[in-house]
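Accompanying notes for the structure given below.
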Amino acid sequence: MQWDNTVSNEEKPNEKARAIRARQRAIGRELRRMYDDVAQEPVPDDFLDLLRKIDDAEDARTGKKVS
Amino acid sequence: MTASAHHQHAEIGHNDSGDGDFKTELLALIPFLRAFARSLTGNQEGADDLAQETLVKAWQSRATFIPGTNLKAWLFTILRNQFYSDRRRAWRQAPWDQDAAERIPGGGEDQVFSAQLSDTARALRCLSDEQREALILVGAGGFSYEDAAAICKCAVGTVKSRVARARKALMEILDGDDTLDGVSRPAEGDAAREIMAQLDRLTPPESGETGGKRRPK
């Protein structure tokens, strides 16, 4: 009798813990989805223009050094 | 990693120098910088400004990067520093504006997230900066606790407890909202449509989906 009580008392917190873990996993998936959605967007042209400017500035700088 | 970023490799940073390699790697990591920036600022425009500032800073500091170490973590550290220093500057210039901005739900910086990304995104804005960044780095960005600790300049144990507290807080915020259970699942289609609409606005019609078609003017 006492053993049964112990088991049923422990099962409830376990179920609750399992439910919480499942919920946490779902939230985790949603977080990753949010992040991945942005990471999968095409890189805006602004960024590519910026890297080209860095290239141009670098060319100008090294050009000056040479001449 | 996106297909378009791969295409773009061919256009930029193809010279033979070490700087060229560095730039190629920078280019490949831009999507992740944008994602981390978006999670910190909560709005797209501010996030892209932040990510661009990060690229410039990274380029200027490239001599301090140790090859073979984690470039992504190094860039995220720069981005995070830039975010907080920009915000400190904003506070000094107009302390009341920041206060007001934080009190407006669904307005200003929350707009993009709440329109496209539902309850979780909005709940994320309710966390402290420390909890939010730890959770994003570990839970979404896939960083180890050790790398996240290096990026956030705190102890590994501190990151662990911040992530745990963030997860708990997020769940409490989300499940305290009784509309969530009914809304979150069916809303996914709407969120996807909103994302597509947003991509359409972002992408000039002539460039289409293949980034490789983009050419400098």
Distance in nm between pseudo-label sites at A:Asn14 and A:Asp49 (7 Å out along the Cβ direction from Cα): 6.2
Exposure proxy ranking, count of Cβ atoms within 10 Å, fewest first, for A:Val38, B:Val56, B:Val159: B:Val56, A:Val38, B:Val159
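Taking K and R as +1 and D and E as -1, what net charge do the other residues with C-beta under 13 Å from the C-beta of B:Ile78 add up to?
Working: positive: B:Lys57, B:Arg62, B:Lys72, B:Arg80, B:Lys153; negative: B:Glu53, B:Asp86.
Residues near B:Ile78 contribute +3 overall.
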Cα-projected label distance for A:Arg25 with B:Asp21, points at 7 Å along beta-carbon direction, nm: 4.2
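Since every read-out is calculated from the coordinates, none of them should be taken as a lab result. All figures in this text were calculated on a predicted structure; none of them were measured in a lab. FYI the Cβ positions are ideal-geometry reconstructions off the backbone, even for glycines, and counts take in every protein chain you see.
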